[in-house]
Amino acid sequence: MTSTSPDVKGRIAREVARRGAGGVEPRVASGAPVESDLGWALGVVFRRYAKAAAESLDDVPGGPRGYQVLATTVAEGPRRQLDLAAQLGVDRTVMTYLLDDLEKAGLVQRQADPADRRARLIVPTDEGKETLCDLERRLSTAEDEILGSLDQAERASFRMLLQRVAMKANAVDPLHNACVLAETDDPAST
């Protein structure tokens with residue numbers, strides 16, 4: 001935790017009190033309300049986002065992984081199954097089962113790769129593209145609910161600043177496999 005000046009602590013406390021903290025002002029060791037702690041704020045926002053995103057993706061085979069496969073193949077075009085698994089950090093055996101489920105749902109197709117007939121290209125179907133549009137709308141609605149206390153300019157600023165912080169954090173400590181992180185600590189279950 002970083003040191004915060006008394007003036008900043010006072011402004012934060014007044015803002016929390018103004019917006020309402022349920023009448024309770026838990027304190028951290030520095031005497032500031034816990035709501036002023038970066039870790040607490042990030043945890044609360046991330047937990048809410050993870051739950052809302054999981055609800056938005058609950059009917060997609062593979063949930064967030066299925067969404068990633070669909071979004072990647074729509075955005076980047078047909079991908080070889082093994083390349084897609086490596087790009088998304090999904091074990092190739094798990095990717096096979098995931099693609100089986102997505103194919104059964106009519107969202108993707110496996111097609112022979114004209115450059116290597118042993119390889120399969122993963123191609124989104126028209127239904128898959130329509131489904132992705134629906135999923136993106138649902139995720140956007142979830143984001144609107146989470147960021148509802150911010151006006152449009154604040155949202156744009158928040159996103160820009162968060163992306164800048166995330167890029168720096170990822171440069172220092174790169175995340176090589178988002179799926180492993182999601183499996184290790186599933187915030188949607190808290």
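Table for the structure above
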read-out	value
Solvent-accessible area per residue, Å², over segment 91-172 with all protein chains present [probe radius 1.4 Å]	69 Å²
Long-range tail of P(r) for segment 90-158 (Cα pairs > 21 Å, %)	49 percent
FRET efficiency for ALA119 and PHE158, using Cβ-Cβ distance with R0 set to 41 Å, rounded to 0.05	0.45
Residue (of LEU135, VAL60, VAL94) at the positive-pole extreme of segment 60-169, dipole from beta-carbon charges	VAL94
Using θ = phi - 60° and Karplus 6.51 cos²θ - 1.76 cosθ + 1.60, couplings along segment 140-153 (whole Hz; Gly, Pro as x)	5, 5, 5, 5, 4, 5, 5, 9, x, 7, 10, 7, 4, 5
Net charge contributed by nearby residues that have their C-beta within less than 15 Å of ASP83 (K/R +1, D/E -1)	+2
Extension reserve of the GLU130-VAL94 stretch, reckoned as 0.36 nm per residue once the Cα distance is removed	10.5 nm
Calculated FRET value between GLU103 and LEU42, using beta carbons and R₀ = 22 Å, to 0.05	0.05
Extension reserve of the ALA169-LEU139 stretch, reckoned as 0.36 nm per residue once the Cα distance is removed	8.4 nm
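The values are calculated or read from the model by the stated rules, or taken from the named source; none is laboratory data. Only a predicted model underlies this, so the values are computations on that prediction, with no experimental measurement involved. Glycine gets a Cβ as well: all are built from the backbone with ideal geometry, and neighbour counts include every protein chain shown. The protein model used for the area step is the full one, side chains on, heavy atoms only, and it has no ligands, DNA or RNA in it. Shrake-Rupley method; radii C 1.70, N 1.55, O 1.52, S 1.80 Å.
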